[in-house]
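Structure record follows, encoded as structure tokens.
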Amino acid sequence: MSTLITNIAELMTQDAEHRVLRDAAVVIEGERISWLGPAAGAPAADEAVDAGGRALLPGWVDSHTHLIFAGDRTAEFEARMAGESYSAGGIAVTTGATRSTSDFELTRLAMGRIAEAVSQGTTYLETKTGYGLDVENEARSARIASTVADEVTYLGAHLVPDGMDAEDYTELVCGPMLAAVLPYVRWADVFCERGAFNEDQSRRVLQACKDAGLGLRVHGNQLGEGPGVRLAVEFGAASVDHVNYLSAADIDALAGSWSGWEDAGGGARGTVATCLPACDLSTRQPLAPGRELLDAGVQLALASNCNPGTSYTSSMAFCVTTAVLQMRLSVHEAVRAATYGGALALGRESGNDVDGERAVGSIAVGHRADLHLLNAPSATHLAYRPGIPLTRAVWRAGVRAR
């Protein structure tokens, strides 16, 4: 079955050539993109969709979420808005609620959140464990996550549970807990921050997970300057996320990790800096220095950080709008960070018909047909009309999801 999407006013490919095509068309065959180019030269297909002079983007790639949870933290949010400062300790509230919720209900809640994200243009999504914080519940969270999300990250090192010694818990994270989640996850993460895990503990977690064959990510530099960025680069982590407080040395280290890399796939990849602007606004932290990172040559991603405490939104459009209006990114840069950048942070920026693992986050022949049609003639409207729901249609792996 093939589908022709034609009469596209603006096609923002986010491919290696950064192309923006006008009066364009795309053909989907199965789950892949089989053709794109000028609408006048489009081949025939089994069905046709008239885009009506609207803009077509890659689907959003949300590379940082925490969707396996139960409970409510409205009171914490209200207190923070009243002036209380954010600390990592609120995670314990969600842990208690999550542990007491059935598998069926946790799955239902996660599926609802993913459906909400897809309805707003998200077509590829990562989520983490981290609200179980014991062997049984972390393994359960990882298993549930593997049935609903595209990518799963082990975050046993989210917070030391109440009543446990930090050193003993770190050993648990690196040993029995890691073994229990391993069949369900591709990535591992650590919250390297004051109130969570210190540098030595974070290093041990990263080394154990690397030895187990997992890709690495780091929650780093959210509440102040610290070792998160340095550890992420040292261990070759795919991303370091939050990055609100960066020294000149941190920015240099991230930029240096991309030395010799080319957008077309040449050279060794570095560590993506993932900015989480919705979280920054909710916690009243300074926005991550996205402009400075891009100018330094760092590859940037935007993600929602959807979670119950500090960023209860899955709206990638909101993140893009904030990046343009307040972080000084151009519309093209912000859209790229929310599509191709997220794919890069998940190691899914490349892949084609030959290797069978199709790329996401960009529109090119052979890539997965993850497409987001806006109810607007250009992507500029995402920032020009902030807060307006602009998603007209969504295709996820070639299947129309909205």
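The values are calculated or read from the model by the stated rules, or taken from the named source; none is laboratory data. The shown structure was predicted, so the numbers you read here are calculated from the model rather than taken from an experiment. Quick reminder, even Gly has a Cβ in these numbers, built from the backbone with ideal geometry, and neighbours come from all protein chains shown. Keep in mind that these areas ignore ligands, DNA and RNA; they rest on the heavy atoms of the full protein, side chains included. Shrake-Rupley method; radii C 1.70, N 1.55, O 1.52, S 1.80 Å.
With the requirement that a residue be of a type in the set (G, A, S), open to solvent by less than 30 Å² (accessible area, probe 1.4 Å) and farther than 21 Å from G175 by Cβ, what does the stretch 109-144 give you?
Once the filter is applied, which keeps residues that are of a type in the set (G, A, S), open to solvent by less than 30 Å² (accessible area, probe 1.4 Å) and farther than 21 Å from G175 by Cβ, the stretch 109-144 yields A110, A117, G121.
Tell me which helices (runs of 4 or more DSSP H) are completely within the stretch 48-152 and hold 2 or more residues being β-branched (V, I, T), or say none if there are none.
91-99, 103-118, 135-148
I'd like to verify a number: residues in the stretch 145-158 that are surrounded by fewer than 22 Cβ atoms within 10 Å (Cβ to Cβ) and among the polar types (S, T, N, Q), how many?
2
Checking the structure you have, find out if any residue of the stretch 376-389 is in a strand (DSSP E or B) and either touching a residue at least 12 places away in the same chain (Cβ under 8 Å) or under 19 Å from the mean Cα position of the chain (by Cα) (or both).
No, that holds for no residue.
Anything in the stretch 35-46 that is without any contact (Cβ under 8 Å) to a residue 40 or more places away in the chain, aliphatic (A, V, I, L, M) and surrounded by 15 or more Cβ atoms within 10 Å (Cβ to Cβ)? List them, or say none. Reasoning before the result, please.
Just the residues of the stretch 35-46 that are without any contact (Cβ under 8 Å) to a residue 40 or more places away in the chain, to begin with: 37-43.
Those still in the list that are aliphatic (A, V, I, L, M) too: 39-40, 42.
Of everything in the stretch 35-46, those that are without any contact (Cβ under 8 Å) to a residue 40 or more places away in the chain, aliphatic (A, V, I, L, M) and surrounded by 15 or more Cβ atoms within 10 Å (Cβ to Cβ) turn out to be A39, A42.
Go through the stretch 295-315 and give me each residue that's under 16 Å from A273 (Cβ atoms) and outside any loop (DSSP other than H, G, I, E, B).
D295, L300, A301, L302
Scan the stretch 107-124 residue by residue and report those that are under 19 Å from S311 (Cβ atoms), touching a helix residue (DSSP H, G or I) at 6+ places or on another chain (Cβ under 9 Å) and hydroxyl-bearing (S, T, Y).
Once the filter is applied, which keeps residues that are under 19 Å from S311 (Cβ atoms), touching a helix residue (DSSP H, G or I) at 6+ places or on another chain (Cβ under 9 Å) and hydroxyl-bearing (S, T, Y), the stretch 107-124 yields T122, Y124.
Mind counting the residues in the stretch 174-193 that are more than 24 Å from G226 (Cβ to Cβ), of a type in the set (V, I, T) and outside any helix (DSSP H, G or I)?
Of the residues in that region, 1 qualify.
Could you list all residues from the stretch 222-235 that are modelled with pLDDT of 95 or more and either closer than 16 Å to T153 by Cβ or not small (G, A, S) (or both)?
Hits for the stretch 222-235 are Q222, E225, P227, G228, V229, R230, L231, A232, V233, E234, F235.
Can you list the helices (runs of 4 or more DSSP H) found entirely within the stretch 227-294 that contain at least 3 residues being over 20 Å from the mean Cα position of the chain (by Cα) and buried (at least 20 other Cβ atoms within 10 Å of the Cβ)?
248-257
Quickly run through the stretch 179-226 and pick out the residues that are within 19 Å of R143 (Cβ to Cβ), of a type in the set (A, V, I, L, M, F, W, C) and open to solvent by 10 Å² or more (accessible area, probe 1.4 Å).
Within the stretch 179-226, A179, A180, L182, V185, W187, A212, L214 qualify.
What number goes with the only condition from (1) part of a helix (DSSP H, G or I); (2) out of contact with any Phe, Trp or Tyr (no Cβ under 9 Å at 6 or more places or on another chain); (3) buried (at least 17 other Cβ atoms within 10 Å of the Cβ) that C319 does not pass?
Here C319 meets the rest and fails (2).
Go through (1) aliphatic (A, V, I, L, M); (2) modelled with pLDDT under 95; (3) within 21 Å of T127 (Cβ to Cβ) and name the single condition V320 misses.
Failed condition: (2).
One residue is enough: does the stretch 47-70 have a residue meeting the conditions in contact with a Ser or Thr (Cβ under 8 Å, 6 or more places away or on another chain), exposed (fewer than 15 other Cβ atoms within 10 Å of the Cβ) and either closer than 24 Å to A397 by Cα or without any contact (Cβ under 8 Å) to a residue 60 or more places away in the chain (or both)?
Yes, that holds for at least one residue.
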